[in-house]
Amino acid sequence: MSDTKTSGKIEKSEAEWRKDLTPMQYAVLREKATERPFSGEYEHEQQPGTYICAGCGQTLFASDAKFDSGCGWPSFTQPAVEGHVDEERDISHGMIRTEVLCSKCNGHLGHVFEDGPGPTGLRYCINSAALKLQPK
Ligand SMILES: [Zn+2]
């Protein structure tokens with residue numbers, strides 16, 4: 001069976017994830033933690049490139065879609081590839097939000113809000129710890 005680009009979920013035990021990720025990456029991707037605002041390494045990153053999932057390497061966001069939202073986390077107007085980012089309703093912490101997950105490893109990335117700039121009007125608010133930048 002051949003592996004296509006979006007099929008084939010990555011499944012690892014929590015122990016394997018713990019071994020493969022840094023403690024911060026593990027907390028965000030696997031335990032849905034949110035890094036402190038203004039603390040992440042990519043918030044002010046302006047280098048052109050592709051942001052891939054820190055858990056599995058799947059392409060998630062392009063630097064072209066990154067904008068400075070001032071919210072304290074890297075923000076994007078849209079995913080780089082449709083289908084690489086899953087969205088789920090999240091009613092934790094007394095708020096109704098839309099959670100954003102990597103479609104391949106099911107890692108938690110952040111949330112999407114409807115107050116972004118045009119043309120999508122969306123703001124994907126993503127934890128730096130969930131991303132890895134591959135400079136162009
Ligand atoms: Zn992933």
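When you look at Val81, is it among the β-branched types (Val, Ile, Thr), within 13 Å of the ligand (Cβ to nearest atom), open to solvent by less than 50 Å² (accessible area, probe 1.4 Å) and under 12 Å from the mean Cα position of the chain (by Cα), yes or no? Break it down stepwise before answering.
Numbers: among the β-branched types (Val, Ile, Thr): yes; within 13 Å of the ligand (Cβ to nearest atom): yes; open to solvent by less than 50 Å² (accessible area, probe 1.4 Å): yes; under 12 Å from the mean Cα position of the chain (by Cα): no.
For Val81, the condition - among the β-branched types (Val, Ile, Thr), within 13 Å of the ligand (Cβ to nearest atom), open to solvent by less than 50 Å² (accessible area, probe 1.4 Å) and under 12 Å from the mean Cα position of the chain (by Cα) - is not met.
Yes or no: Ala130 within 16 Å of the ligand (Cβ to nearest atom) and open to solvent by less than 60 Å² (accessible area, probe 1.4 Å)?
Numbers: within 16 Å of the ligand (Cβ to nearest atom): yes; open to solvent by less than 60 Å² (accessible area, probe 1.4 Å): yes.
Criteria met by Ala130.
All but one of (1) open to solvent by less than 40 Å² (accessible area, probe 1.4 Å); (2) more than 14 Å from the ligand (Cβ to nearest atom); (3) under 20 Å from Phe113 (Cβ atoms) hold for Tyr51; which doesn't?
Of (1) open to solvent by less than 40 Å² (accessible area, probe 1.4 Å); (2) more than 14 Å from the ligand (Cβ to nearest atom); (3) under 20 Å from Phe113 (Cβ atoms), only one is false for Tyr51: (2).
Which members of the stretch 1-15 meet the condition of being assigned to a loop (DSSP other than H, G, I, E, B) and either in contact with a helix residue (DSSP H, G or I) (Cβ under 7 Å, 6 or more places away or on another chain) or modelled with pLDDT of 90 or more (or both)?
If we filter the stretch 1-15 for residues that are assigned to a loop (DSSP other than H, G, I, E, B), which is where we start, we get 1-13.
Listed by number, the residues that qualify are Lys9, Ile10, Glu11, Lys12, Ser13.
For residues that are open to solvent by less than 40 Å² (accessible area, probe 1.4 Å) and within 11 Å of the chain's Cα centre (by Cα), scanning just the stretch 58-78, find the one that is nearest to the ligand (Cβ to nearest atom).
Here the answer is Gln58.
Among (1) free of Cβ contacts under 8 Å to residues at least 12 places away in the same chain; (2) in contact with a helix residue (DSSP H, G or I) (Cβ under 9 Å, 6 or more places away or on another chain), there is one condition Leu109 misses while meeting the rest; what is its number?
Of everything listed in (1) free of Cβ contacts under 8 Å to residues at least 12 places away in the same chain; (2) in contact with a helix residue (DSSP H, G or I) (Cβ under 9 Å, 6 or more places away or on another chain), Leu109 misses just condition (1).
The values are calculated or read from the model by the stated rules, or taken from the named source; none is laboratory data. Remember, it's a predicted structure, so these values are computed and weren't measured experimentally. Positions of Cβ are backbone-derived with ideal geometry, glycine not excepted, and every protein chain shown enters the neighbour counts. Note: accessible area is taken over every heavy atom of the protein model, side chains too, but ligands, DNA and RNA are not part of it. Shrake-Rupley method; radii C 1.70, N 1.55, O 1.52, S 1.80 Å.
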